[in-house]
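J.: Quick one: structure below, then a few questions.
Each reported figure results from applying straightforward, stated rules to the coordinates on display, with no laboratory input. No experiment lies behind these values; they were computed from the predicted model shown. Quick reminder, even Gly has a Cβ in these numbers, built from the backbone with ideal geometry, and neighbours come from all protein chains shown.
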Amino acid sequence: MNLYELTTNYMQALDFLTDPENDIDQQTAVDTMESLDGELDEKLLNVGRFIASMEAQASAIEEVEKRQKARRKALENKAEWLRGYLQSNMSKSGHSAIKAPDIALKLAKLPASVQVIDESKIPARFFKEQVFISLDKAGIKAAGGCEGVKIESAGFRVAIK
């Protein structure tokens, strides 16, 4: 029986056994609830164990991702360093282009870029006005709310230790 069915059965039995119109003696009610409760508790614990296992797997995957990211970054940095090394040596030796059947190398001129030396000397026409407004949700929450918002409880979460 799955957790949903167990929970439904538990709630139905609780309603039936606690209904004063039903003629159920107290010991029968207690025995019935204890048997259902034990099965439900075990199912709840097993689901909790399964969640803990999945979280452990996710954590292990995250660690592998971190190592792979570090490895990727190291390869990118090495390739970038080699690109600079290649460019320097091509420039020094006067080779602007080299071709082979599987690869072609060429020194390409970079587009011009703006380097700001003294911003105070730049004419006003080159400035853009930018306005950025954002909502301070933490402030609203701390103030207990305001018009135009509804503060809701986040509900509950299951803590697995």
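J.: With viscosity set to 1.306 mPa s and temperature to 10 °C, compute the Stokes-Einstein D of the chain, Rh being the Kirkwood radius across alpha carbon pairs; µm²/s, no decimals.
T.: 61
J.: Separate question: How long are the semi-axes of the equivalent ellipsoid of the stretch 36-78, defined as square roots of 5 times the Cα gyration tensor eigenvalues? Whole Å, largest first.
T.: Equivalent ellipsoid semi-axes, largest first: 41, 4, 4 Å.
J.: Need one word for the stretch 96-159: rounded, prolate or oblate. Basis is the Cα gyration tensor (sqrt eigenvalues a ≥ b ≥ c); a/c below 1.5 gives rounded, then a/b vs b/c decides.
T.: Oblate.
J.: Hey, in the GNM for the chain with a 10 angstrom Cα cutoff, which one of 112, 58, 79 fluctuates hardest?
T.: 112
J.: Is it possible to state the helix-based mean residue ellipticity at 222 nm for the chain, with each DSSP H run of 4+ residues giving -39500 (n - 2.57), the sum divided by total residues, to the nearest 500 deg cm²/dmol? What is it?
T.: It comes out at -20000 deg cm²/dmol, rounded to the nearest 500.
J.: From Cα pairs below 8 angstrom and at least 6 apart in sequence, can you work out the relative contact order of the stretch 24-161, rounded to a whole percent?
T.: Computed value for the stretch 24-161: 14 percent relative contact order.
J.: Given the options 110, 44, 75, state which has the largest fluctuation in a GNM of the chain using a 10 Å cut-off (strictly under) for Cα springs.
T.: 110
J.: Tell me which aspartates and glutamates have Cα within less than 17 Å of residue 141's Cα, excluding those fewer than 8 residues away on the same chain?
T.: Qualifying aspartates and glutamates at Cα under 17 Å: 152.
J.: Here is a further query. If I build a Gaussian network model for the chain, linking alpha-carbon pairs within less than 10 angstrom, which residue out of 57, 12, 115 has the largest mean-square fluctuation?
T.: It is 115.
J.: Which trypsin sites (Lys or Arg not before Pro) from the stretch 57-102 combine a DSSP loop assignment with at most 11 other Cβ atoms within 10 Å?
T.: Here no loop site has a sparse enough neighbourhood.
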